[in-house]
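Beneath this line is the structure, given in structure tokens, with notes to follow.
The values are calculated or read from the model by the stated rules, or taken from the named source; none is laboratory data. Not measured: the values here are computed from a predicted model. Here the Cβ is made from the backbone with ideal geometry for all residues, glycine too, and neighbour counts use every protein chain on show.
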């Protein structure tokens, strides 16, 4: 067992887990956070994406102990049902979900993108999201949601 602490959605949490425990399994099984989804288990589909110190990361392939002391943000840590994060609201407004399985990865990747590139071009958005798989076919709505979020972010900047 390896003992360590993580800052998850603004709260410090302490854990002792086997070294092979992935961040995804820790978040879902030990913390009850179901935003990040188990998809491929290989870091290729994006459904498990979380932010590690503000950078999008595939939690299914990140050892939990490997991010000790870092700040982890999950979908649940962005906003609430009553006060969603502006990216979450943009996805709602654009009706950018069918099954919703990929949505966690799409939203978290968008949050990380807009933190780095506040006014991305459509090409930058497509490139950033190209590693997040969606099988439902809501690609146009997802792209619209990202552009809506970028406009909202621009309106909020001084």
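Structural remarks
- Test: residue in the stretch 104-126 that is assigned to a loop (DSSP other than H, G, I, E, B), free of Cβ contacts under 8 Å to residues at least 40 places away in the same chain, in the same structural domain as residue 34 (by TED's automatic domain parsing) and touching a helix residue (DSSP H, G or I) at 6+ places or on another chain (Cβ under 8 Å): no
- Residue match in the stretch 63-73 (condition: under 12 Å from the mean Cα position of the chain (by Cα), touching a residue at least 40 places away in the same chain (Cβ under 8 Å) and within 12 Å of residue 108 (Cα to Cα)): yes
- All positions within the stretch 1-10 that are at pLDDT 95 or above and either on the phi > 0 side of the Ramachandran plot or touching a helix residue (DSSP H, G or I) at 6+ places or on another chain (Cβ under 9 Å) (or both): 3, 4, 6, 8, 9, 10
- Matching residues in the stretch 73-92 - criterion: being outside any helix (DSSP H, G or I) and either over 20 Å from residue 5 (Cα atoms) or out of contact with any helix residue (DSSP H, G or I) (no Cβ under 7 Å at 6 or more places or on another chain) (or both): 73, 78, 79, 80, 81, 82, 83, 84, 85
- Matching residues, the stretch 60-72, being in a loop (DSSP other than H, G, I, E, B) and surrounded by 15 or more Cβ atoms within 10 Å (Cβ to Cβ): 60, 61, 62, 70
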